[in-house]
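Computed from the coordinates by the stated procedures, all read-outs in this text should not be read as laboratory data. What you see is a predicted model; the values in this text were computed from it and never measured. Cβ placement follows ideal geometry from the backbone for every residue including glycine, while neighbour counts extend to all protein chains displayed.
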Amino acid sequence: MQKINVKPGAKLVDYKAYGSLYSSVLDFMEQAKDPIESLKGRTIWMINSTAIGGGVAEMLPSQMRILRELGVSIEWLVIEAKKDAFFDLTKRIHNAIHGSGNGVFTEEDRKIYEEVNRNNLSKALELINDGDIVVVHDPQPMPLAAMIKKEKNVSIIWRCHIGLEEDTDVTDAVWKFLEPYTNDYDHFVFSLPSYVPKPLKNRTSIIPPAIDPLSHKNRELQLHKCIGILYQSGILDDHKAILYHRYEHLVRKVMPDGSFDVLDAGQNLDLIYRPIVTEISRWDRLKGFKELMEAFIKMKLDNRKYGDPKSLEYKRIEMTLLVMGGPDPAFVSDDPEGKEVLKELTETYKKVDSSMQNDIAILLLPLDNPKQNALIVNALQRTSSIIVQNSIQEGFGLTATEAMWKRKPVLVSNAAGLKYQVVHNQTGQINPDPTDIESLAKTLAYMLNHPKERDKWGFNGQLRVIQNFTLFSQLLSWLGTLSANKV
Ligand code: UDP
């Protein structure tokens with residue numbers, strides 16, 4: 001068991017850092033006062049299985065910094081597990097909660113599961129006091145809190161970051177396997193209502209995943225900075241002559257040497273500005289990249305066939321660029337499937353009509369430097385006109401939230417998480433079937449040719465994120481759950 005040290009970061013009172021979000025920060029501080037008061041004297045212990053990598057490890061430090069600044073006593077423990085068999089088992093549990101695998105869990109599995117958790121118990125008991133609250137993230141440390149509760153008078157909560165919309169034999173089997181522990185828990189937190197297994201429904205709060213608006217991936221970046229980042233990272237290399245950007249009142253064309261060529265502001269902005277449609281994701285078949293590329297090509301071909309070459313609509317679609325970005329496989333050694341999917345996509349791209357190849361970019365984002373990676377994602381999202389997340393399955397698509405936060409209209413599939421995040425016709429478009437190339441092509445063309453609606457959807461999207469999906473709304477939900485009589 002390891003206690004993780006979290007260093008202080010930007011202060012809530014730093015209005016410069018929060019910019020336009022500052023009034024929401026003030027609201028948050030006001031609304032947080034009462035629940036925080038009621039937590040006085042209790043320490044909250046967050047327990048998970050890794051200090052680096054994955055969404056939990058990414059978000060915990062930001063959450064802890066803010067709560068500590070407001071006077072909450074909160075600590076983070078990571079369990080130690082030296083056994084491969086343990087992680088094989090917890091991966092099987094994870095997959096089964098997603099509905100995959102054979103759903104078979106044996107008494108031998110239970111022995112391994114409990115033994116590793118019991119090895120972490122004595123250290124936990126040294127640190128945790130009567131009256132404290134223990135929050136366990138995901139299945140790995142689940143038995144541990146139940147063991148702590150047998151020794152100390154603590155409240156225990158299980159935070160599940162995964163889920164499947166429907167019950168299957170496999171999900172039934174895994175919940176049965178976990179029942180001896182879930183029986184001991186006081187409360188549960190899931191990301192979506194449809195992920196909650198029936199027996200836990202009465203003891204569950206829903207808290208969707210959130211973004212940190214001050215992280216490198218989400219912080220404000222002015223357009224010239226975005227372009228600088230994309231140039232420095234070499235990403236614009238093949239496209240430098242074709243990217244145009246609106247900047248203040250002027251339209252500037254980015255020149256091959258990185259300088260700006262100022263164009264006449266009197267010219268029609270829509271014709272000069274080259275719209276970019278972007279999807280950024282892991283190279284996973286379930287992210288729907290191939291279908292998106294096919295739809296993009298269909299949109300262009302239909303436009304050439306049926307459009308009026310003199311019309312603005314025709315020119316806009318003709319000029320649009322598709323960017324598909326994902327991790328450079330050179331840095332992802334543990335994902336052989338990702339390499340395969342990328343290869344398939346590149347092969348399909350090579351067969352694209354040469355007149356269209358310049359309109360499609362497949363970008364490999366370096367992963368060796370997390371800050372640089374985050375800034376590149378930020379810059380790509382901010383320079384796009386539409387962000388797509390064409391997932392065939394998606395628990396909760398952080399990329400859609402990141403895009404909405406940046407005032408971008410989104411085009412998503414109706415995968416479970418995405419249809420909860422996006423409001424159709426208000427913050428973007430939900431295309432019901434990500435494999436229906438025809439309707440995807442039509443929706444994309446519609447969005448491109450309705451710039452006013454795009455602006456409105458982008459605006460609404462940012463509001464929706466501020467109200468529901470930032471760190472602050474998430475922390476208020478947490479404080480509500482922790483301070484209510486639930487625990
Ligand atoms: N991401 C990234 N670099 C990449 C691809 C993805 O930083 O090359 C980020 C993306 O911005 C998002 C996260 O990885 O924050 C993916 O989360 P999401 O919920 O969209 O999908 P998941 O990968 O969890 O299925």
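May I ask you to compute the full-extension gain from Arg118 to Glu313, defined as 0.36 nm times their residue separation minus their alpha-carbon distance, rounded to one decimal in nm? This chain segment gains 63.7 nm when fully extended.
What does the C-alpha gyration tensor say about the overall shape of the stretch 1-81? Classify as rounded when a/c is under 1.5, otherwise prolate if a/b is larger than b/c, or oblate.
Numbers: a/c = 2.71, a/b = 1.51, b/c = 1.79.
Verdict is oblate for the stretch 1-81.
For Lys351, the aspartates and glutamates whose Cα comes closer than 20 Å to its Cα, not counting residues fewer than 8 places off in the same chain, are Asp238, Glu291, Glu294, Asp302, Glu318, Glu340, Asp359, Glu438.
Please find the FRET efficiency linking His424 to Lys11, where r is the Cβ-Cβ separation and R0 is fixed at 30 Å, and quote it to the nearest 0.05.
Numbers: r = 39 Å, r/R0 = 1.28.
Step by step, r from the Cβ atoms, then E = 0.20.
Gain on full extension, evaluated as 0.36 nm per residue between Ala330 and Thr346 minus their Cα-Cα distance, stands at 4.2 nm.
I'd like the FRET efficiency for Leu26 and Asp186, computed as 1/(1 + (r/R0)^6) with the beta carbon distance as r and R0 of 22 Å, rounded to 0.05. Calculated transfer efficiency: 0.10.
Straight-line cross-link partners of Lys7 among the lysines, defined as a Cα under 19 Å from its Cα and at least 8 positions apart when in the same chain: Lys371.
For the pairs Lys310/Lys456; Lys217/Lys408; Lys225/Lys290; Lys40/Lys201; Lys287/Lys456; Lys290/Lys442, note any where the Cα-Cα span goes beyond 19 Å.
Numbers: Lys310/Lys456 27 Å; Lys217/Lys408 14 Å; Lys225/Lys290 31 Å; Lys40/Lys201 28 Å; Lys287/Lys456 26 Å; Lys290/Lys442 16 Å.
The pairs that break the limit, which is 19 Å between Cα atoms, are Lys310/Lys456; Lys225/Lys290; Lys40/Lys201; Lys287/Lys456.
The fraction of all Cα pairs in the stretch 338-487 landing in successive 10 Å bins from 0 to the largest distance is 10, 31, 36, 17, 4, 1, 0, given as whole percents.
With the simple model of a label 7 Å out from the Cα in the direction of the Cβ, Glu337 to Glu37 spans 5.0 nm.
Of Lys300/Lys452; Lys305/Lys350; Lys11/Lys123, which pairs sit farther than 27 Å apart, going by alpha carbon to alpha carbon? With Cα atoms farther than 27 Å apart: Lys11/Lys123.
FRET efficiency for Lys149 and His98, Cβ-Cβ distance as r, R0 = 22 Å, nearest 0.05? According to the calculation, E is roughly 0.20.
Note that the stretch 205-216 has calculated 3J(HN,Hα) couplings of 10, 9, 10, x, x, 9, 10, 9, x, 9, 5, 4 Hz, one per residue in order, obtained from phi through the Karplus relation 6.51 cos²θ - 1.76 cosθ + 1.60 (θ = phi - 60°); glycine and proline are x.
As a proxy for reagent exposure, ranking Leu230, Leu221 by other Cβ atoms within 10 Å from fewest up yields Leu221, Leu230.
Taking amide hydrogens as placed 1.01 Å from N in the peptide plane, the amide H of Arg159 sits under 5 Å from those of Val136, His137, Asp138, Val189, each at least 5 positions away in sequence or on another chain.
Convex hull volume of the Cα atoms of the chain, normalised per residue: 149 Å³.
Beyond 28 Å between alpha-carbons counts as too far, so tell me which of Lys82/Lys152; Lys3/Lys198; Lys3/Lys150 fall in that bin.
Working: Lys82/Lys152 26 Å; Lys3/Lys198 34 Å; Lys3/Lys150 22 Å.
Checking Cα-Cα distances, Lys3/Lys198 exceed 28 Å.
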